[in-house]
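K.L.:
Please find one structure pasted underneath; my questions will follow.
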Amino acid sequence: MPLLLPPSSPCAFCLYLSGQRPYTILDRNDVTALLVTYEQRGRGHVLVIPVHHRETILDLTAREQAAVMADVARATAAIVGAFDPEGVAVWQNNGIPAHQSVPHL
């Protein structure tokens, strides 16, 4: 059974990455981008996303898998360095029942 995903058009993350919608991009390379979210779900909330449109974690290439995880670790280190939190949450949602709201990993 396929995952039940939110509508894919238009993709807000793709619009941010293409400059069609304003957004703060902390860092970007040819594989991943780190974005500061407007809706902070915790101190230092940062998105790590693939640059190419991938709807779920199952759609990532091996190279994207490695790059996303490396950037998650890098973002976590930056958050810990900046905010000295007592804990850090890392999560990723796939499918509407798992609370995925944007169809881009």
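K.L.:
Quick one: how many residues across the stretch 92-101 are touching a residue at least 40 places away in the same chain (Cβ under 8 Å), in a loop (DSSP other than H, G, I, E, B) and of a type outside the set (Gly, Ala, Ser)?
P.N.:
So the count comes out to 2.
K.L.:
Shifting gears a bit: Take the residues of the stretch 20-40 that are within 22 Å of Ala67 (Cα to Cα) and part of a loop (DSSP other than H, G, I, E, B): which is most open to solvent (accessible area, probe 1.4 Å)?
P.N.:
Filtering first and then ranking leaves Asp30.
K.L.:
Can you tell me which residue among Leu5, Leu58 is assigned to a loop (DSSP other than H, G, I, E, B), within 17 Å of Gln100 (Cα to Cα) and not aromatic (Phe, Trp, Tyr)?
P.N.:
Numbers: Leu58 fails: assigned to a loop (DSSP other than H, G, I, E, B).
Result of the check over Leu5, Leu58: Leu5.
K.L.:
Sticking with this one: Pull up the stretch 57-75, narrow it to residues that are open to solvent by less than 60 Å² (accessible area, probe 1.4 Å) and touching a Leu at 6+ places or on another chain (Cβ under 8 Å), then point me to the one that is farthest from Trp91 (Cα to Cα).
P.N.:
That would be Leu60.
K.L.:
Right, His99: under 12 Å from the mean Cα position of the chain (by Cα) and open to solvent by 60 Å² or more (accessible area, probe 1.4 Å) or not?
P.N.:
Numbers: under 12 Å from the mean Cα position of the chain (by Cα): no; open to solvent by 60 Å² or more (accessible area, probe 1.4 Å): yes.
In short, no.
K.L.:
On to the next question. Within the group Arg54, Arg43, which residue is open to solvent by 70 Å² or more (accessible area, probe 1.4 Å) and in contact (Cβ under 8 Å) with a residue 24 or more places away in the chain? Steps first, answer last, please.
P.N.:
Values: Arg54 fails: open to solvent by 70 Å² or more (accessible area, probe 1.4 Å).
Unique residue meeting the criteria: Arg43.
K.L.:
Okay, moving on. Pick out the one residue from Ala78, Ala89 that is open to solvent by 30 Å² or more (accessible area, probe 1.4 Å), on the phi < 0 side of the Ramachandran plot and in a helix (DSSP H, G or I).
P.N.:
After applying the criteria, what remains is Ala78.
The values are calculated or read from the model by the stated rules, or taken from the named source; none is laboratory data. What you see is a predicted model, and the numbers here were worked out from it, not measured in a lab. Because the Cβ atoms are built from the backbone with ideal geometry, glycine has one as well, and the counts that use them run over all protein chains shown. Note: areas computed on protein heavy atoms with side chains; ligands, DNA, RNA excluded. Shrake-Rupley method; radii C 1.70, N 1.55, O 1.52, S 1.80 Å.
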